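Heads up: the structure comes next, in structure tokens.
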Amino acid sequence: MSIKPDLGMRMVNDGISRNTVQHFYDFRLDHLSVLGRGRYTTIADTPYKGEMHAMSLDFNQEHLEQILDRAPAEIAKQVKAELSKDPLTARTIEFKGGVTISVRAGLGEIQQSLYENFVPLVVQEVLQPDM
């Protein structure tokens with residue numbers, strides 16, 4: 001398995017401003033990672049300029065609740081149960097079937113992992129399904 005380039009870092013290198021609003025339609029979540037109380041992220045492969053990139057999408061508690069409102073009942077119940085047991089410990093919660101959402105997001109700050117620098121996209125709004 002090869003590591004894909006980071007979408008956010010590519011956008012920064014391409015000169016895209018942090019003030020530029022990005023829209024992602026039909027974004028599929030099949031997991032979320034807990035970063036801390038009310039702070040979450042997910043990663044998905046996304047095409048950009050003819051190449052697949054890894055996209056990190058960060059969101060808060062309000063956005064998670066909006067996502068779970070659009071999720072199948074079984075997924076919403078699973079995620080809520082996991083978080084009610086422990087809302088703080090960093091971990092990944094995987095769920096079958098996934099949830100498809102549309103979001104408006106902007107570039108976040110440069111982050112550093114063990115393997116690379118990356119720039120998450122930060123959700124500004126979870127869009128209504130008909131948008």
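The values are calculated or read from the model by the stated rules, or taken from the named source; none is laboratory data. Predicted model only: the values in this text are computed from it and were never measured. All Cβ positions, even for glycine, are placed from backbone atoms using ideal geometry, and neighbour counts span all protein chains on display. Note: areas computed on protein heavy atoms with side chains; ligands, DNA, RNA excluded. Shrake-Rupley method; radii C 1.70, N 1.55, O 1.52, S 1.80 Å.
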Worksheet, complete the sentence: Checked segment 30-43 for anything touching a strand residue (DSSP E or B) at 6+ places or on another chain (Cβ under 9 Å) and open to solvent by 60 Å² or more (accessible area, probe 1.4 Å); matches are Asp30, Leu35, Arg39, Ile43
Discussion item. If I go through segment 119-131 residue by residue, how many of them are outside any loop (DSSP other than H, G, I, E, B) and either in contact with a Ser or Thr (Cβ under 6 Å, 6 or more places away or on another chain) or surrounded by fewer than 20 Cβ atoms within 10 Å (Cβ to Cβ) (or both)?
Written reply: 2
Response to the item:
With the first residue restricted to segment 30-55 and required to be under 21 Å from Glu116 (Cβ atoms), and the second required to be open to solvent by less than 20 Å² (accessible area, probe 1.4 Å) and not in a strand (DSSP E or B), Cβ contacts under 6 Å at 6 or more apart or on different chains are Tyr40/Leu64; Thr46/Leu7; Tyr48/Leu7; His53/Leu7; Met55/Leu7
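Would you mind stating whether Gln111 is surrounded by 15 or more Cβ atoms within 10 Å (Cβ to Cβ) and farther than 15 Å from Ser33 by Cα?
Yes, satisfied.
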Discussion item. Can you tell me which residue is nearest to Phe24 (Cα to Cα) among those in segment 61-111 that are in contact (Cβ under 8 Å) with a residue 60 or more places away in the chain and among the hydrophobic types (A, V, I, L, M, F, W, C)?
Written reply: Val103
Worksheet item: Looking at segment 81-107, which of the residues that are surrounded by fewer than 17 Cβ atoms within 10 Å (Cβ to Cβ) and touching a helix residue (DSSP H, G or I) at 6+ places or on another chain (Cβ under 7 Å) is modelled with the highest pLDDT?
Response: Ile93
Worksheet item: Which of the residues that make up segment 44-80 are open to solvent by less than 50 Å² (accessible area, probe 1.4 Å), more than 14 Å from Val123 (Cβ to Cβ) and not polar (S, T, N, Q)?
Response: Tyr48, His53, Ala54, Ala71, Ile75, Ala76, Val79
